[in-house]
Amino acid sequence: MRIGIPKEIKTLEGRVGLIPAACADLVQAGHAVAVEAGAGLQSGYTDDEFRAAGVEVLPDAEAVYSHGELIIKVKEPVAGDLEHLRADHLLFCYLHLAAEVQLARQLQAIGLTAIGFETVTRAGGLPLLAPMSDIAGRLAVQIGATLLHTPQGGKGMLLGGLPAAERGRVTVIGGGFAGGNAAAFAAAMGAEVTVFDKKRERLEAMRELGPNVTALYPYQDAVAEAVAASDLLIGAVLIPGARAPHVVPASMVERMAPGGAVVDISVDQGGCIETIHPTDYSAPTYDWNGIVHFGVTNMPGAVPRSASQALSAAVLPYALLLAGEQNWTTDAGLAAGINIHAGDVVHPAVKAALGGKH
């Protein structure tokens, strides 16, 4: 199969769909892989490293999309990508179409087949979302800790505290991959952490992180109390393929003390905190009622080398399946990831976001 890897053009997005080592495995399996010139530079991979792996380096996006049958990229297509996509393309990337209804309609009109990384399943999990959730959870705490600094509009607090100074209070909504990593990172820094989740097994896992972690069921009164006391509020709620529900309404956020910070990891699915809206790394934050909000939709793009390495390891087995001679739709996990098939919206959550129309 002919595989194309275009350069990411979303604002300050430096990841690459596959690193040279992963491309080499595809080439050895008999596939023709092409990458756009410069696609790997921000992740620390030169064009020559791709060439050494047997990859053809093409001069621009048009050439890559013309070459490819299977298009592997990281983020959802934007205007510069959409003009090159064709009905015969198989698109494999993060899509988040439940929160991007216009994009869903545009991909429908093209008539292609699109598989969302975030909706591929395996043994009840989300194997292509998990590595980026790990990164986003850790980044949420790193970034949130910085947002509490006075020059960033914060209250001037060291999140982990120190002798003779109080510890910061962190509330995490959701104890899955992203929320669990956020809780672990915040706890390791020394903060007082409260995690909310509905699943008992996740609450047990969160309690085991340490004596400074409290794990609770998300009763509204309990969430409201914890949010009001928070220095840093982190949203990490996921319903696979669907728009995130607003677990934290604006009325709760407005009770936070001025100079607090909000980071919503689920913003790419609409966000679970009502006061969040999407931003990018060119202007990542905004003030709402004296609370600093961070709403970047491609958080792992800030660490493109680490993110590209982790993502490639997860994506490669599925890329080999998609490019192989056998019918990949017989793989239940990949089939679950299909959002659009030949222009028809087939994923239930995306259908629901479009009002049941497809």
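Gly54: touching a residue at least 12 places away in the same chain (Cβ under 8 Å) and at positive phi, yes or no? When the stated conditions are applied, Gly54 passes them. Taken together, Ala335, Ala302, Ala342, Ala310 contain a single residue that is open to solvent by 10 Å² or more (accessible area, probe 1.4 Å) and either touching a Pro at 6+ places or on another chain (Cβ under 8 Å) or basic (Lys, Arg) (or both), which is Ala310. Across region 217-239, a minimum of one residue is classified as open to solvent by 10 Å² or more (accessible area, probe 1.4 Å), touching a residue at least 60 places away in the same chain (Cβ under 8 Å), in a loop (DSSP other than H, G, I, E, B) and closer than 14 Å to Leu147 by Cβ.
Taken together, the residues in region 175-196 that are open to solvent by 10 Å² or more (accessible area, probe 1.4 Å) and either under 16 Å from Val227 (Cα atoms) or of a type outside the set (Gly, Ala, Ser) (or both) amount to 6. Test Asp268 against the stated conditions and say whether it is modelled with pLDDT under 95 and assigned by the TED database to the domain that holds Ala145. In short, yes. In summary, Val247 fulfils each of the numbered conditions (1) of a type in the set (A, V, I, L, M); (2) outside the structural domain of Lys10 (by the TED database); (3) surrounded by 24 or more Cβ atoms within 10 Å (Cβ to Cβ) with the single exception of condition (3). Of all residues in region 91-109, those satisfying the criterion of being outside any loop (DSSP other than H, G, I, E, B) and buried (at least 19 other Cβ atoms within 10 Å of the Cβ) are Leu91, Phe92, Cys93, Leu97, Ala98, Ala99, Ala104, Leu107, Gln108. Note on region 33-57: among residues that are of a type in the set (D, E, K, R) and open to solvent by 60 Å² or more (accessible area, probe 1.4 Å), the one that is nearest to Gln326 (Cα to Cα) is Glu56. Scanning region 12-32 for residues that are surrounded by fewer than 17 Cβ atoms within 10 Å (Cβ to Cβ) and in a loop (DSSP other than H, G, I, E, B) gives Leu12, Ala29, Gly30. Candidates are the residues of region 138-157 that are of a type outside the set (S, T, N, Q) and within 17 Å of Ala184 (Cα to Cα); the one that is farthest from the chain's Cα centre (by Cα) is Ala145. Meeting the requirement of 3 or more residues that are more than 19 Å from the chain's Cα centre (by Cα), the strands (runs of 3 or more DSSP E) wholly within region 267-358 are 285-288. Out of all the residues in region 242-285, which are polar (S, T, N, Q) and within 19 Å of Lys10 (Cβ to Cβ)? Residues satisfying the conditions are Ser266, Gln269, Thr279, Ser282, Thr285. Ile9 satisfies every condition listed in (1) within 21 Å of Gly343 (Cα to Cα); (2) open to solvent by 10 Å² or more (accessible area, probe 1.4 Å) except (1). Among residues of region 145-174 that are in the same structural domain as Tyr219 (by the TED database) and assigned to a loop (DSSP other than H, G, I, E, B), those with a beta-carbon under 7 Å from a residue that is open to solvent by 10 Å² or more (accessible area, probe 1.4 Å) and among the hydroxyl-bearing types (Ser, Thr, Tyr) at least six positions away or on a different chain give the pairs Gly156/Thr150.
The values are calculated or read from the model by the stated rules, or taken from the named source; none is laboratory data. The structure displayed is predicted, hence computed values, not measured ones. Note: ideal-geometry Cβ built from the backbone for every residue, glycine included; neighbour counts use all protein chains shown. In case anyone asks, the SASA skips ligands and DNA or RNA and just uses the protein heavy atoms, side chains included. Shrake-Rupley method; radii C 1.70, N 1.55, O 1.52, S 1.80 Å.
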